[in-house]
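The values are calculated or read from the model by the stated rules, or taken from the named source; none is laboratory data. Predicted model only: the values in this text are computed from it and were never measured. Every residue, glycine among them, receives a Cβ derived from its backbone with ideal geometry; neighbour counts consider all protein chains shown.
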Amino acid sequence: MGNLIKEWVKSILVEEVKQQVVVYAGRFQPFHKGHYATYEHLVKKFGKQNVFIGTSNQQGGPKSPFNFKEKREIMIKMFNIPSSQIVQVKNPYQPKEVLDKFDSKTTAFITVVGEKDEARLGGKYFKKYDGRPESGYLDSGYVYVAPAQPNAISGTDVRNWLSAGDDSQRKAGFKKAYPKFDPKIYNLISTRLMKVESIMEQFFKSFDIKSLLEGSEYGADAGEPDTMFVLPGKIRKLGMKNPGQKDDVWFVNGGWTQMHFPKADVIIAPGSKGSSDYYQYSSRRNIRNNTDLEIPPVSNDFTSAKQGRKQVDVQDLQTEIAINLGQEIIEYTIGKKINETLISEKIGSRFLQFLDKSLLVEGGAYGHMAHPFDTEMNLTFGDLKQIINGALTGELELAREKTDGQALAISWRDDMGLIAARNKGHLANRGEKALDISGVASKFGGRGGLTDAYNFAMKDLTSAIKGLSKAQRDKIFKQGAKFMNLEVIWPTSVNVIPYGQALLIFHNTTEYNEAGIAIGADQSDAKILAGMIKQINQTIQSQYTIQGPPVTQLPKSQKLTSLKSKFDGQLSKLQKEFNLKDTDGVAEYHQKWWENFVDTKSPSTLDNKTKMGLVKRWAFYDKGFRLDGKSIEDPKVLSWAQGIDKNDHAKIQKDNIRPFEDIFLGVGAEVLSFMSSVLTANPDTAVRSMKDRLDQTVKDVQKAGDPKKIAKLKLELERLAAIGGKDKIVPNEGIVFVYKGNTYKLTGTFAPLNQILGLFYGD
């Protein structure tokens, strides 16, 4: 009777679970047949609309070569998985990016694990799935153990099949891993894996890992127990200080994250051992003695004895990444991991440095130079504030001047001399069909200043490079396999900035396979080649001065530092619109912005699926959600959505992104106004010329009377005014810098000025 009463009370007080949301999470590096077999099983059991694939955007190291966008493309094209069911998540066991779209009281969360991982999830929150979930996802989560699939393959198998051997062998491996052959996906996976393999090999040649691992022992960091580490198979000792002294500690009061092995099972709260200053190390296995005991890592979450379960945020992500990479590299080298983070971090840090110099950066001289606020980068608001602070205090990493010239890619073959590439066909077969000096002259004939710019560039580069030894040329160009990306700056062929001198500026080399597909790059080659040319006194040619990437000294000004609160305040205002924290990403802002747009502008109330489909399409250009009667049943909503998509989306998206643009263009304008260009011969003359061209373009556009151009002009003049107007015009396109391994740009007035001048001069 008592149980019946309890069930009756429960049925009244607790809302019934009406929906199950299943999240199949993993690294998926890359997604393959084995993963799809599990996904199919889940779909059959729970229904396609209830099963989501969750994965991160984390990229780096030999086991994680693909970003989220690439992983999603593989899933969609090779297995026809709906894009709406593939979600980028930060924490697979707390996938709020999925769950936030569902009612927390009536929706159960089910996470999927393999048999070997079943024991990892326990505690009060996670329960084993028994087919009848009783609680919404705020109260409980459920663990479903996916059965092993027949003929299983692993990500390691796929990476091995597609990273080595000739093209036919890699294609055979691809067919083992995927149900059909898609040339684009094949090239994406194979070239990326070949690139990672090549970089790993180069790294092993540059850094003797095995000699490091052969050392007998390594002392602990300050604050770590007085243990010494010895190689795999040995024992790590944890001990106490001498009588009367404080025990060894790993944690200073303040919530620091434990980064080094062995990981504690328990963190005792302050005061529990008579000390209010430290979180003391303890363990359920009574290791507080002088006995030798090997302690493997236990858990990534920590328990305070009297405060309940508490997740500690990682405070030094760079360190964690370095440790993980180091462990992967050690395993790759000696066939097994070691429980020593000091060595792992050292190796991983060295690899990250090597990667920064060697990893292919696609899309131009410095790779894809994104603005910090670009959605696809999804930096957090905290990251944006750090970048602003670094820019204003002169502390951005690897900052250099961004140049405004004409692009050119060159290589050298002994049988052809200097060659230039303008398309993919020119890059294939070691530049076999690339343009020589006469080919460039023909290609750019009759184009005024541009003709002279390229013709003289080819002649001067030939004169400089032929003076090098064959060994030096081969090191840089590999007989046409590597092309140097450079910019041509010519006084009579000006884009926006009149530098007042003729310059050839090296940026980086990119290496291509026989098909003309990029397989590697080296940022250091530019500096090396410039140094070689300087060594033989060939820097100054008949028309051009040749140099490597321009080194920039960022200004350090109290006036700049004082602006930090202004720009931070502008970012904080954007955060407050949707109650976002510093840990939230830019993408979350844009999603909320478009959700609000759809809610307020739609002619009818939308169900969640339709609403989020439109949001993904408009905020993130995800065209997987189609604008047809099948996806949108309400004719009024369909007509409205099609109209937005066809006529208004571009303008609305600009309105959405505009506040971020204004902030960072403003930061760039302020920094550049204090910074001298290392390339402009006469800055004052250059500024006057730029202002004169601006005034003339405004007059020409207004006189021509083209409504579209006039509207564009008005918009860009407003952007210019927002960041200080003509007074902030400087002879400097911007700065390029590195933040957390990615390359970004900061520009000021150049951006709107370039758009305005293009209205007339671009024609």
Given (1) in contact with a helix residue (DSSP H, G or I) (Cβ under 9 Å, 6 or more places away or on another chain); (2) farther than 23 Å from ASN80 by Cβ; (3) not polar (S, T, N, Q), index of the condition GLY613 fails:
(2)
Looking at VAL671, VAL667, VAL598, VAL637, which is the one that is of a type in the set (A, V, I, L, M), within 22 Å of VAL87 (Cα to Cα) and in a helix (DSSP H, G or I)?
VAL598
Could you please let me know if ASN508 is surrounded by 20 or more Cβ atoms within 10 Å (Cβ to Cβ) and more than 17 Å from ILE540 (Cα to Cα)?
yes
If I ask for residues that are assigned to a helix (DSSP H, G or I), under 18 Å from the mean Cα position of the chain (by Cα) and either modelled with pLDDT of 90 or more or surrounded by 17 or more Cβ atoms within 10 Å (Cβ to Cβ) (or both), which ones from the range 43-73 would you list?
PHE68, GLU70, LYS71, ARG72, GLU73
Which ones in the range 139-168 are assigned to a loop (DSSP other than H, G, I, E, B), farther than 21 Å from GLY520 by Cα, at pLDDT below 85 and under 32 Å from the mean Cα position of the chain (by Cα)?
ALA152, ILE153, SER154
Would you please name the residue that is nearest to ARG658 (Cα to Cα), looking only at residues in the range 585-610 that are surrounded by fewer than 18 Cβ atoms within 10 Å (Cβ to Cβ) and polar (S, T, N, Q)?
ASN596
Scan the range 463-489 residue by residue and report those that are of a type outside the set (A, V, I, L, M), under 29 Å from THR680 (Cβ atoms) and in contact with a strand residue (DSSP E or B) (Cβ under 7 Å, 6 or more places away or on another chain).
PHE483, ASN485, GLU487
Considering residues that are closer than 23 Å to GLU70 by Cβ, buried (at least 17 other Cβ atoms within 10 Å of the Cβ) and in contact (Cβ under 8 Å) with a residue 24 or more places away in the chain, the number found within the range 13-36 is 12
I'd like the residue in the range 721-741 that is within 27 Å of the chain's Cα centre (by Cα) and surrounded by 17 or more Cβ atoms within 10 Å (Cβ to Cβ) and, out of all such residues, is modelled with the lowest pLDDT.
TYR739
Any residue in the range 564-584 that's more than 15 Å from ASP662 (Cα to Cα) and without any contact (Cβ under 8 Å) to a residue 24 or more places away in the chain: show its pairings with residues that are of a type in the set (A, V, I, L, M, F, W, C) and outside any loop (DSSP other than H, G, I, E, B) at Cβ separation under 8 Å, as long as the two are six or more apart or on different chains.
GLU577/TRP593; PHE578/TRP593
Could you list all residues from the range 482-495 that are surrounded by fewer than 21 Cβ atoms within 10 Å (Cβ to Cβ) and in contact with a helix residue (DSSP H, G or I) (Cβ under 6 Å, 6 or more places away or on another chain)?
THR492, SER493
Being under 25 Å from the mean Cα position of the chain (by Cα) and in a loop (DSSP other than H, G, I, E, B) is the filter here; which residues of the range 533-578 pass it?
PRO549, PRO550, THR552, LEU554, PHE578
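Got a sec? Which strands (runs of 3 or more DSSP E) wholly within the range 386-461 have at least 3 residues that are in the same structural domain as GLN538 (by TED's automatic domain parsing) and crowded, with 21+ Cβ neighbours inside 10 Å?
Values: elements: 397-402, 406-413, 417-421.
Where strands (runs of 3 or more DSSP E) fall fully within the range 386-461 and carry at least 3 residues being in the same structural domain as GLN538 (by TED's automatic domain parsing) and crowded, with 21+ Cβ neighbours inside 10 Å, they are 406-413, 417-421.
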Which one is surrounded by the fewest Cβ atoms within 10 Å (Cβ to Cβ) among residues in the range 674-685 that are touching a residue at least 40 places away in the same chain (Cβ under 8 Å) and in a helix (DSSP H, G or I)?
THR685
Of the residues that sit in the range 462-505 and are assigned to a strand (DSSP E or B) and among the polar types (S, T, N, Q), which one is farthest from ASN423 (Cα to Cα)?
SER493
Which of the following residues is within 28 Å of ILE497 (Cβ to Cβ), out of contact with any helix residue (DSSP H, G or I) (no Cβ under 6 Å at 6 or more places or on another chain) and free of Cβ contacts under 8 Å to residues at least 12 places away in the same chain: GLY446, GLY405?
GLY446
The conditions are (1) buried (at least 18 other Cβ atoms within 10 Å of the Cβ); (2) without any contact (Cβ under 8 Å) to a residue 24 or more places away in the chain; (3) among the charged types (D, E, K, R), and LYS96 fails exactly one of them. Which is it?
(1)
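Among ILE437, ILE410, ILE388, which is in contact with a Ser or Thr (Cβ under 8 Å, 6 or more places away or on another chain) and at pLDDT 90 or above?
Numbers: ILE410 fails: in contact with a Ser or Thr (Cβ under 8 Å, 6 or more places away or on another chain); ILE388 fails: in contact with a Ser or Thr (Cβ under 8 Å, 6 or more places away or on another chain).
Criteria check complete, one pass: ILE437.
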Residues of the range 428-467 being of a type in the set (A, V, I, L, M) and within 21 Å of ILE505 (Cβ to Cβ), in sequence order, are ALA434, LEU435, ILE437, VAL440, LEU450, ALA453, ALA457, MET458, LEU461, ALA464, ILE465
Filter the range 724-748 down to residues that are within 14 Å of LEU665 (Cβ to Cβ) and among the hydroxyl-bearing types (Ser, Thr, Tyr), then give me how many there are.
2
So which of GLY516, GLY500 ends up being farther than 30 Å from THR749 by Cβ, of a type outside the set (A, V, I, L, M, F, W, C) and at pLDDT below 85?
GLY516
